[in-house]
């Protein structure tokens, strides 16, 4: 890596208008991330304490991305064998917990994605990129992009 090139990489100065829109959007994204992390921690702690799930795995760690039935199946799969089958009351509690947390996380994720797209557009605007340059950027660097193009 040539440090001199990195040091001299141009950083576009945002206009006051761009800054006024980007700063609250970034703050909101931080709030969404923190709230989603706290909600996920709450569910994983509850699953550990109430259902004996010590190792949630990738799917339960991102439970809000699962449909309800997949969430229930994953909980069933991750519970200790000695725990037995889920009765009606624990099943109802799992559904309620999922419905209390997952939709809110999903909403924040969707709103966050909208904000990320807007911030991306504003950064492109700050650099003065043309539509052709933006297209080229997306065609040549998609693995580095934080989200899919809208």
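The values are calculated or read from the model by the stated rules, or taken from the named source; none is laboratory data. Note that the structure is predicted; figures quoted are calculated from it, not measured. Ideal geometry is used to build each Cβ from the backbone, glycine not excepted, and the neighbour counts take in all protein chains shown.
Restricting attention to segment 71-91, the residues being part of a helix (DSSP H, G or I) and more than 18 Å from residue 40 (Cβ to Cβ) number 10.
When residue 125 is tested against (1) in contact with a helix residue (DSSP H, G or I) (Cβ under 9 Å, 6 or more places away or on another chain); (2) on the phi > 0 side of the Ramachandran plot, exactly one condition is not met: (2). Scanning segment 131-148 for residues that are loosely packed, with under 10 Cβ neighbours inside 10 Å and either part of a helix (DSSP H, G or I) or at pLDDT 90 or above (or both) yields 131, 132, 139, 140, 143, 144. Determine if segment 63-72 includes at least one residue that is within 21 Å of the chain's Cα centre (by Cα) and touching a residue at least 60 places away in the same chain (Cβ under 8 Å). Checked segment 63-72: no residue is within 21 Å of the chain's Cα centre (by Cα) and touching a residue at least 60 places away in the same chain (Cβ under 8 Å). The single condition among (1) touching a helix residue (DSSP H, G or I) at 6+ places or on another chain (Cβ under 7 Å); (2) assigned to a helix (DSSP H, G or I); (3) closer than 21 Å to residue 59 by Cα that residue 99 does not satisfy is (1).
For the residues 53, 11, the requirement of being modelled with pLDDT of 95 or more and assigned to a loop (DSSP other than H, G, I, E, B) singles out 53.
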